[in-house]
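The values are calculated or read from the model by the stated rules, or taken from the named source; none is laboratory data. This one's a predicted model, so the numbers in the text were calculated from it and none came from an experiment. Don't worry about glycine lacking a Cβ; one is built from the backbone with ideal geometry, like all the others, and counts go over all protein chains shown. Heads up: the accessible areas ignore ligands, DNA and RNA and are worked out on the full protein's heavy atoms, side chains in. Shrake-Rupley method; radii C 1.70, N 1.55, O 1.52, S 1.80 Å.
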Amino acid sequence: MAVISQEDLHTVVHAALVNWGKPSDDALEPFAQTLLVQKQLKLDSAGLPFALKPAVDRLVLENLDLLAEQDKRGANVLQSRFVDSKTTRQTAQEMHASPDQVNRWQRAAINRLAEIIYRQEMKLRIKLTQELEAGLPAAPYSQFFGFEEARQTLQTQLMQTAAPWIVVIAGIGGIGKTSLADFVARAILSRLTPKRLCWLRVNGQQLSDEPLPPEQA
């Protein structure tokens, strides 16, 4: 699953606010790509799975509190306009401001809220990438050169959401197949949201129909 971009996250944060209190979560589907929401979706304190919309709502509320530490006025505008479902005019009257001012504060606050959430998402992603890379063997190269076309083909194929999901790298021994696989795996880790990375090493005998000797079984 590909990583959500900052621009797309901004759009979906706005959608989460606009759809506050509505039962449908169709517009929030891109949020399911984020590690932040995936954490919320696991289990709540009662041990029950979260649906997407409640998970997103909780995430937004948590980060509204963080926004208030940086921009209390902006957080109050978002709380009033979306969580409390008040009109722009009502919010303006409460804040002793004009509707135009409220609209400007609202746009700025949504930008800041999206940035706060995006920074947290990237922090989690860096941590996950480091944990996944730790499961790889030491890279068999100090610098990797060549195979440019193969690298691009493999990365494009592995980034797709449609089948095939298994890619085979074939060739004679010693030409750099393992290094190529290692390089591509490291290159795409930060651009995907894998739950686990497995690196299996087998030899030709293990792939044949011949039984393994007892010491290798």
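At a 1.4 Å probe radius, carbon and sulfur cover how many percent of the accessible area of segment 1-140?
The computed percentage sits at 51.
Over segment 109-165, what per residue volume does the convex hull of the Cα atoms give, in whole Å³?
158 Å³
Return the loop-located chymotrypsin sites (Phe, Trp or Tyr not before Pro) in segment 77-147 (DSSP other than H, G, I, E, B) with at most 16 other Cβ atoms within 10 Å of their own Cβ; answer none if there are none.
Passing sites in segment 77-147 are Tyr141, Phe145.
Output the pairs from Lys53/Lys123; Lys22/Lys86; Lys39/Lys86; Lys39/Lys127; Lys86/Lys123 with a Cα-Cα distance over 25 Å in this structure; if there are none, say none.
Lys39/Lys86; Lys86/Lys123
If you count only protein heavy atoms with a 1.4 Å probe, what accessible area per residue comes out for segment 88-193, rounded to a whole Å²?
In whole numbers, segment 88-193 has 62 Å² accessible per residue.
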